[in-house]
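> Take this structure first; my questions come after.
The values are calculated or read from the model by the stated rules, or taken from the named source; none is laboratory data. Here the structure is a predicted model, which is why all the values come from computation and not from measurement. Cβ placement follows ideal geometry from the backbone for every residue including glycine, while neighbour counts extend to all protein chains displayed. These area figures cover heavy atoms from the full protein model, side chains too; ligands, DNA and RNA do not enter into them. Shrake-Rupley method; radii C 1.70, N 1.55, O 1.52, S 1.80 Å.
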Amino acid sequence: MSEAVVVVEGIHDRAAVLRAVEVDVLCTGGFGFGADVEAQLKRAYATRGLILFTDPDHAGEQIRRRIEALVGPCAHARLTREACRGSGRLGVEYASPQVIREALAHVRRPTSQVRFTMADLFAHALTGHPHAKARRRELGARLSLGYANAKQLLVRLQALDVSREEFEAAMAEMGAVSL
């Protein structure tokens, strides 16, 4: 299988990615993509695989879920909200080439192994703690998972091949908080 195809939402996102790296990029044109884009996604997934690289917002997450429902588990590249703000808006198109290269260098691939439970999140103050939201945001940035609530973080940790060692190292770097 040759190099995976990067999937973005719009033409400005595509231009930003191409300024940063030399890859093949497909644009969905947003959430309401039609049968022609579906066919392109299916073909690219079957022949090369897909890296989903959507905006870190609700619409971007919906597009990721729609594509995975259409084709199957995909690899994911993510940006933090802070890394892609511009003109009062949020999007891959506003990220610097360096940030885009870094996100694509830290792609997460799906796995079926269960490594984490809600008890892990509680033990590390990622849920059920006054600073849990900030800690999840920081962990998401450190592990290229994006921001997620506790349930979604658990899904991403398990689905995107985060090792126990990688998780524990990130938590150690973040430091402990009193429970």
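> Which residues, counting only those in the range 130-145, are part of a loop (DSSP other than H, G, I, E, B) and open to solvent by 70 Å² or more (accessible area, probe 1.4 Å)?
Of everything in the range 130-145, those that are part of a loop (DSSP other than H, G, I, E, B) and open to solvent by 70 Å² or more (accessible area, probe 1.4 Å) turn out to be 130, 131.
> Looking for something of a type in the set (Lys, Arg), within 11 Å of residue 56 (Cα to Cα) and assigned to a loop (DSSP other than H, G, I, E, B) - is there at least one such residue anywhere in the range 84-99?
No, the range 84-99 has no match at all.
> Would you say residue 179 is of a type in the set (A, V, I, L, M), at pLDDT 90 or above, outside any strand (DSSP E or B) and over 21 Å from residue 53 (Cβ atoms)?
Taking the combined requirement at face value, the residue does not satisfy it.
> Additional query: Quickly run through the range 146-176 and pick out the residues that are surrounded by 14 or more Cβ atoms within 10 Å (Cβ to Cβ), assigned to a loop (DSSP other than H, G, I, E, B) and at pLDDT below 90.
Those that are surrounded by 14 or more Cβ atoms within 10 Å (Cβ to Cβ), assigned to a loop (DSSP other than H, G, I, E, B) and at pLDDT below 90: 146, 147, 160, 161, 162.
> While we're here: What helices (runs of 4 or more DSSP H) lie completely within the range 5-76 and have 3 or more residues being open to solvent by less than 30 Å² (accessible area, probe 1.4 Å), of a type outside the set (D, E, K, R) and under 16 Å from residue 103 (Cβ atoms)?
By residue number, 11-20.
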